[in-house]
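Novice: Please see the structure below; I have some questions.
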Amino acid sequence: MDNLISLCQLIYSQRVDSIVTFDKRKRKGKTWKLYDSIIKGKISNDAEGISLLYGEGGSKHDYNRLKARLKGKLLNNLFFSRKQ
């Protein structure tokens, strides 16, 4: 989780915009909510993430898949974009 938090903060602080990580129309999904919640400091560990995104009975498997999807988007953004 710490690596994902650091990656989110890096992308956010660098304002890497040449490849849009999240299309404005897609800022309603769980991937966006995970990213936004990490940036805003609402999620600092997996238990908080599962609870916020899936409720108390949330699936750790689904959450881990969501984290992997977000990490892939952020890494893609980091490697294929330039700071503007």
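The values are calculated or read from the model by the stated rules, or taken from the named source; none is laboratory data. It should be emphasised that the depicted structure is a prediction, and the values quoted were computed from it without experimental measurement. Here Cβ is always computed from backbone atoms with ideal geometry, including for glycine, and neighbour counts include all displayed protein chains.
Novice: Among all residue pairs at least 6 apart or on different chains, which show Cβ distances below 8 Å where the first residue, located in the stretch 49-67, is among the β-branched types (Val, Ile, Thr) and the second is assigned to a helix (DSSP H, G or I)?
Specialist: Here the result reads Ile50/Lys60; Ile50/Tyr63, each pair linking the stretch 49-67 to a residue that is assigned to a helix (DSSP H, G or I).
Novice: Moving on to the next point. Scan the stretch 55-66 and give yes if some residue there is out of contact with any Ser or Thr (no Cβ under 6 Å at 6 or more places or on another chain), among the polar types (S, T, N, Q), outside any helix (DSSP H, G or I) and at pLDDT 90 or above, otherwise no.
Specialist: Checked against the condition, which is being out of contact with any Ser or Thr (no Cβ under 6 Å at 6 or more places or on another chain), among the polar types (S, T, N, Q), outside any helix (DSSP H, G or I) and at pLDDT 90 or above, the stretch 55-66 yields at least one hit.
Novice: Tell me the residue from Ser51, Ser44, Ser13 that is modelled with pLDDT of 90 or more and assigned to a helix (DSSP H, G or I), please.
Specialist: One residue alone meets the criteria, Ser51.
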